[in-house]
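Notes to accompany the following structure.
The values are calculated or read from the model by the stated rules, or taken from the named source; none is laboratory data. On a predicted model such as this, the values are computed, not experimentally measured, just so you know. So basically every Cβ, Gly included, is an ideal-geometry build from the backbone, and we count neighbours across all protein chains shown. Calculation scope for accessible area: heavy atoms of the full protein, side chains included, ligands and nucleic acids excluded. Shrake-Rupley method; radii C 1.70, N 1.55, O 1.52, S 1.80 Å.
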Amino acid sequence: MPNHVLSTDIDIQRIMEIRRHLHRYPELSNEEFETTQLIRGWLEEAGIRVAEYPLATGIIAEVGGLQEGPIIALRADIDALPVQEETGLPYASAIPGKMHACGHDFHTAALIGTAYALKQRERELRGTVRLIFQPAEEKAKGARQVIDSGALQDVQAIFGMHNKPDLPVGTIGIKEGPLMAAADGFVVEVAGKGSHAAVPESGLDPIVAASNIITALQSIVSRNVSPLKSAVISVTKLHSGTAWNVIPDKALLEGTIRTFDNDVRQQVLERFNQVVEGVAAAFGTTAAVRWIEGPPPVHNDRRLAELGYVAAAEAGYEAVIPVPSPAGEDFAVYQREVPGLFVFMGTAGTQEWHHPAFDLDERAIPVSIEFFTRLAERALGHYRSGGETSLSPSVSPSSSPSPSP
């Protein structure tokens, strides 16, 4: 990473201590009560005003507003995962079966550091920066809760990040258009007729029907989705039967669909229903599909991506065009309401997201603070002037060869 000095006087060791405390005491989605109170305390001790919105967990704060101007938002997610930690770190989770295995502790600490940096510049801010510490990202519910609370009202643009283990520290993945996938889940129940395993002709075998459904579903991507676009259908669970000599009357299969384009998403979901119902009928069985709607694709605004390139260059960091990730992220829900930019922050991790040995390089904390401080100031100026931001050749991002998780 570059030998870069923060343009603000922030105690980075203090921010690292905050991250480690959050890591040691993780809380699951919509259970982040202690985390919320800790964030409130850390903000208030720096004189940052907390805005009262009707959220059970999560917290909203603001910096600026001393000069008239636009409102832009910075967002971090605060929840952990039901994972037993295996890092061996001195600040490893003290809560059995719970872990910050996705780096939301890093996101939260970096946003607190950014809040501190912006507070130091508050008199110069030409508008307001709203700080969203969002609950329940892992259940894809928190963004909607924040929107329903009214916290996105009057916001003209929103910015966020996710740590990226396969990018080096000092590198920021920024691209316009699709970055992360829509993540929908499905549950299919195949109903047949049970019988003795020795006389299958007297029944309607739901296992055979379910097996053929699984095989047929793979043809959707290969034969219904353009090769210039992408989709993933994964069946991850198949349950049926109770005994070795009994053909059961039901089979249950579950899985997920990932798409980067809303039109492709709709096409795949429609074709999925047709395939399931048609194959089930061919075997004399019936099938019912239950959808678990996840977040839409993360789709970045072009002008905001250009602002990101400029902010990265000003801070002395490398912007690259990252490989899109098929993982889901409910930041996309905000982008349905206002223009948004979501970036990948290089953290040089040894494991991918959700792994029990997940960890990251804390040197990415000052990188994040500097980048988002500059990005917030540029965004306020952009919306205050109503002008276009041009991307100069000197700050054009390079392509990233890194694989996505």
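Test residue 97 against the criterion of being assigned to a loop (DSSP other than H, G, I, E, B) and closer than 28 Å to residue 332 by Cβ, and give yes or no. No. Only one of 183, 231, 198 is farther than 30 Å from residue 360 by Cα and of a type outside the set (S, T, N, Q). Can you tell me which? It is 198. For region 50-64, name all the residues that are in contact (Cβ under 8 Å) with a residue 24 or more places away in the chain and among the β-branched types (Val, Ile, Thr). Within region 50-64, 57, 59, 60, 63 meet the criteria. Scanning region 156-177 for any residue that is within 19 Å of the chain's Cα centre (by Cα), crowded, with 20+ Cβ neighbours inside 10 Å and more than 25 Å from residue 347 (Cβ to Cβ) turns up nothing. Exactly one residue among 232, 279, 289, 275 is at pLDDT 95 or above, closer than 16 Å to residue 218 by Cβ and surrounded by fewer than 17 Cβ atoms within 10 Å (Cβ to Cβ), and that residue is 232.
Screening residue 309 against (1) of a type in the set (Phe, Trp, Tyr); (2) touching an Asp or Glu at 6+ places or on another chain (Cβ under 9 Å); (3) under 30 Å from residue 381 (Cα atoms) leaves a single unmet condition, (2).
Just need a number here: residues in region 207-220 that are touching a Leu at 6+ places or on another chain (Cβ under 9 Å) and either among the hydroxyl-bearing types (Ser, Thr, Tyr) or open to solvent by less than 30 Å² (accessible area, probe 1.4 Å) (or both). The total comes to 3. If you check 90, 96 for being open to solvent by 20 Å² or more (accessible area, probe 1.4 Å), over 26 Å from residue 59 (Cα atoms) and out of contact with any His (no Cβ under 8 Å at 6 or more places or on another chain), only one passes: 90. Where helices (runs of 4 or more DSSP H) sit wholly within region 294-385, those with at least 1 residues that are more than 19 Å from the chain's Cα centre (by Cα) occupy 302-315, 364-385. Residue 240 meets all of the listed conditions (1) among the polar types (S, T, N, Q); (2) open to solvent by less than 50 Å² (accessible area, probe 1.4 Å); (3) over 20 Å from residue 198 (Cβ atoms) but one, namely (3). For residue 72, state whether it is β-branched (Val, Ile, Thr), open to solvent by less than 30 Å² (accessible area, probe 1.4 Å) and not in a loop (DSSP other than H, G, I, E, B). Considered against the rule, which asks whether it is β-branched (Val, Ile, Thr), open to solvent by less than 30 Å² (accessible area, probe 1.4 Å) and not in a loop (DSSP other than H, G, I, E, B), residue 72 comes out as yes.
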